[in-house]
1. Quickly run through the stretch 136-167 and pick out the residues that are of a type in the set (Ser, Thr, Tyr) and either touching a residue at least 60 places away in the same chain (Cβ under 8 Å) or closer than 19 Å to GLY126 by Cα (or both).
2. For the subset of the stretch 36-68 comprising residues that are among the hydroxyl-bearing types (Ser, Thr, Tyr) and at pLDDT below 50, which member is farthest from SER109 (Cα to Cα)?
3. Looking only at the stretch 101-139, count how many residues are buried (at least 19 other Cβ atoms within 10 Å of the Cβ), within 16 Å of the chain's Cα centre (by Cα) and under 21 Å from TRP194 (Cβ atoms).
4. Here is a list: PHE54, PHE84, PHE58. Which entry is surrounded by 15 or more Cβ atoms within 10 Å (Cβ to Cβ), under 20 Å from ILE306 (Cα atoms) and of a type in the set (Phe, Trp, Tyr)?
5. Any residue in the stretch 63-81 that is among the charged types (D, E, K, R) and in a loop (DSSP other than H, G, I, E, B) sitting within a Cβ distance under 7 Å of a residue that is surrounded by 15 or more Cβ atoms within 10 Å (Cβ to Cβ) and modelled with pLDDT of 80 or more? List the pairs, counting only those 6 or more apart or interchain.
6. Could you tell me whether the stretch 196-212 includes any residue that is farther than 18 Å from GLN301 by Cβ, of a type outside the set (Lys, Arg) and within 23 Å of the chain's Cα centre (by Cα)?
7. For the stretch 209-227, state whether one or more residues are exposed (fewer than 13 other Cβ atoms within 10 Å of the Cβ) and closer than 30 Å to ASN53 by Cα.
8. Restricting attention to strands (runs of 3 or more DSSP E) lying wholly within the stretch 89-180, give those where 2 or more residues are within 24 Å of THR191 (Cα to Cα).
Amino acid sequence: MKKFNWLLMVCLSVGFALKAQDNSMKKLREETAGKIKNAEKDTTGRLWKRGGNFGLMFNQGSLTNWAAGGDKLSLSLLATFNGFANYKKGRHNWDNNVDLAYGYVNTTSLGTRKSDDRIDMTSKYGYEIGKNWYLSGLFNLRTQFSEGYLYPSDTTREFVSKFFAPAYIILSPGIDFKPNDEFSLFMSPFTGRWVVVMDDTLSAKGSYGVDTGKHVKSEFGAYISATWNKEIMKNVTYKTKLELFSNYKHNPGNIDIFWTNIVAMKVNKWLSANVSLDMIYDDDVRVFENKETGVMGPRLQIKEVIGIGLTAKF
């Protein structure tokens, strides 16, 4: 009996020891896995910087027995999104940005019209060759979501654009000067640009400089892109992007200009006010009439939008 008790005690002791060892090994494995997981998160956080802003602006107005006159009802809605994903490791630098906007306005006298429509995507890779200087390659695509119209009068409209009509595609090797995360100046003397008009009706008219009946026009020239994103005062951010392109093949002295400006004022966590100003000069867009001479030709295009509404930052 004593031998049995002694044997039972030995077995229990061995069992408890094995269980304790197993728990210790399990705890060690969990701690090791946790350290590896945290290390992966830390590495990802150092290599990638991601974020964005989503805005929804809504305006409404109504008049009843208003002596000064005006539309009885006006409604406008504008949605914007700006997202980025930037990678940096050693001498390698890869910046990606997408800028989207879509808006409509409706009034009792004019009906529904589009107030904003933009798709702008940029991807730029750089390899550091000196302090703040990068040997880079840039890709840019700019187009719109839906059909666009000109309104010669209140009762008529003229179809002038749609998705990928036009679309501007830029592929450019060059040098990028980037002293900090706020400013970038990209310069290239050898840039390919393609103007795409996929709609048959617009291509038949030779819209946006494409040859009549063609869908794509290729251009080769010099390209400069400057971007600046700066908090100019507390809760007020200014973002600007200026693009200049000179076509070596045709009128290189007539430089195409695309300039976007956005001032974002943050009221609180969810409310903000935005003011945007876009200016475009494209020598190939000759659809504007000089009222004094009656001659059709290019003009400086200006678009200004002011909105107050909801915003979400992530």
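The values are calculated or read from the model by the stated rules, or taken from the named source; none is laboratory data. All values reported here derive from a predicted model rather than from experimental measurement. Ideal geometry is used to build each Cβ from the backbone, glycine not excepted, and the neighbour counts take in all protein chains shown.
1. If the condition is that a residue be of a type in the set (Ser, Thr, Tyr) and either touching a residue at least 60 places away in the same chain (Cβ under 8 Å) or closer than 19 Å to GLY126 by Cα (or both), then SER136 is the only one that fits.
2. Per the stated criteria, the residue is THR43.
3. The total comes to 5.
4. Unique residue meeting the criteria: PHE54.
5. Correct list of pairs: ASP71/THR107.
6. yes
7. Within the stretch 209-227, not a single residue is exposed (fewer than 13 other Cβ atoms within 10 Å of the Cβ) and closer than 30 Å to ASN53 by Cα.
8. Those strands (runs of 3 or more DSSP E) span 92-107, 111-130, 133-143, 167-177.
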